[in-house]
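This report refers to the structure that appears directly beneath it.
The numbers here are math on the coordinates, done by the rules we state, and not lab data. This structure is a prediction, so every number in the text was calculated from the model and none was measured. Here the Cβ positions follow ideal geometry from the backbone for every residue, glycine too, while neighbour counts run over all protein chains shown.
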């Protein structure tokens, strides 16, 4: 049985199943929790009083999006029915290799669904916050931006300048003052970066 | 240049290369041997030399079941690996069989369900062969997967045993291999399970238990060396990043 803080290798026993819950890098086998990767063994106390065993590996480990994750993506292609994106971040973790996602027309927002136009919501190159709703088909993850906090967070205008959001569906180019339509994400504190409500 | 039955052990109990019957060859390991890959390991089992590299888990380009990762194993043998020039193709029957066996044994050990919709590519290069290629490949792939940080239930350690006229030889080299039958197993040392068994040519059924026990002992020896190498390598890695001080 390994002591917390020590180095463990895959298959090594971390503790009894009734004392520990298997977290990242650990798994349950029979009545024991064992390590599944090599790294440092940690025990953390959970809110419900249980102890969670996790093993932290030193290298960057490949992550895969799962349902409910908030992801950051870059729009690569739009059609009248959907926007194709590259998922570049999961939460705050940057992926070493991007994977493909899809935002369908009906997942862009949660009101006036029949009036949604993809080209008035996203443009190629936009950085979009979205949430994974399904693992989708073999090609792409299905994403949604149907929440005020989700949508375009960064976009460049035809002029090449980074646009400023002015409402939930418009962004303005600071150089030409030209407005473009986007499904804009509302920042968590309710205020835009420029101080506008 | 096969040795005759009577010559596998000298009257003093030594084998052709000077080992005792229950001694394996020197196992030299290097993790992270190929820095470009996500994980890699170079294994020398005596004169058998194998490099395994792992890439992934990355997004799957092939269609298929996407509730778990797909494991792809590719094996190449260098033309001069056995000392005589031989162009090994990828469609080579022997290497295809070895690929399939390695894939099957690792599918049971790697926690593929954690990496839905991805694939893990394992490329093995056999640089030199002198018996025990199967064991060296399995050990190298285990270490490469550990190096890549892919979640596994356990180490998979492999070792072979040669039976030549009733004499059991641990980890036979190419000469001893040709003299008798060879049994190689892949073993999970922590959970004490056997993942794969391969027997080349015949063996008396009565001696199977004994042969298996010798092979398991060999696997445990391999495991101790492999675990040591993994620990040293990880300590270095963690130490260089200030995550662990031992």
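Structural remarks
- Take every pair of alpha-carbon atoms less than 8 Å apart whose residues are at least six positions apart; their mean separation over the length of the range B:8-152 yields a relative contact order of 34 percent.
- Relative pair counts by distance (%), Cα atoms of the protein assembly as shown, 20 Å bins: 22, 42, 26, 8, 1
- With each label modelled as a point 7 angstrom along the Cα→C-beta vector, the residue A:16-residue A:158 pair spans 7.2 nm.
- Here the Debye sum runs over all C-alpha atoms of the range B:127-181 as equal scatterers in vacuum, and log10 of I(q)/I(0) at q = 0.13 Å⁻¹ comes out as -0.41.
- Approximate spin-label separation residue A:170-residue B:210, in nm, with each point projected 7 Å along Cα-to-Cβ: 9.1
- Dividing the helix sum by the residues of chain B, where each DSSP H run of 4 or more adds -39500 (n - 2.57), gives a mean residue ellipticity at 222 nm of -9500 deg cm²/dmol.
- Angle between chain B longest axis and helix B:208-240 axis [Cα atoms, degrees, rounded to 10]: 40
- With R₀ set to 41 Å, the beta-carbon distance separating residue B:92 from residue B:28 gives a calculated FRET efficiency near 0.95.
- Inter-centroid distance (Cα atoms) of the range B:68-83 relative to the range B:90-136, Å: 7
- The value of relative contact order for chain A, using C-alpha pairs under 8 Å at least six residues apart, is 13 percent.
- Once divided by 2.2 N^0.38 Å, the Cα radius of gyration of the range B:6-114 becomes 1.41.
- For residues of B:145-156, the mean tally of beta carbons on other chains within 10 Å: 6
- Remark: A:103, B:216, A:87 ranked as B:216, A:87, A:103, counting other beta-carbon atoms within 10 Å and listing the fewest first.
- A Förster radius of 35 Å, combined with the Cβ-Cβ distance separating residue B:84 from residue B:241, puts the computed FRET efficiency at roughly 0.15.
- Global geometry of the range B:78-170, whether rounded, prolate or oblate, following the gyration tensor of its Cα atoms and the 1.5 cut on a/c: oblate
- In nm, spacing of pseudo-spin labels at residue B:10 and residue A:111 (7 Å Cα→C-beta vector): 9.2
- Sorted by Cβ density within 10 Å, fewest first, the residues A:6, B:195: A:6, B:195
- Separation between Cα centres of the range B:169-246 and the range B:15-29, rounded to whole Å: 13
- Gyration tensor over alpha-carbon atoms, chain B, equivalent ellipsoid semi-axes in Å: 31, 20, 18
- Based on Cα contacts under 8 Å between residues 6+ apart, chain B shows a relative contact order of 21 percent.
- Ranking of A:29, A:168 by count of other Cβ atoms within 10 Å, fewest first: A:168, A:29
- Beta bridge orientation in the range B:15-133: antiparallel %, DSSP, nearest 5: 70
- Classification of the range A:48-197 by its C-alpha gyration tensor yields a prolate form. The axis ratio a/c (a ≥ b ≥ c) is 1.5 or more, and a/b outweighs b/c.
- For the range B:148-211, Kirkwood radius (reciprocal of mean inverse C-alpha pair distance, Å): 12.8
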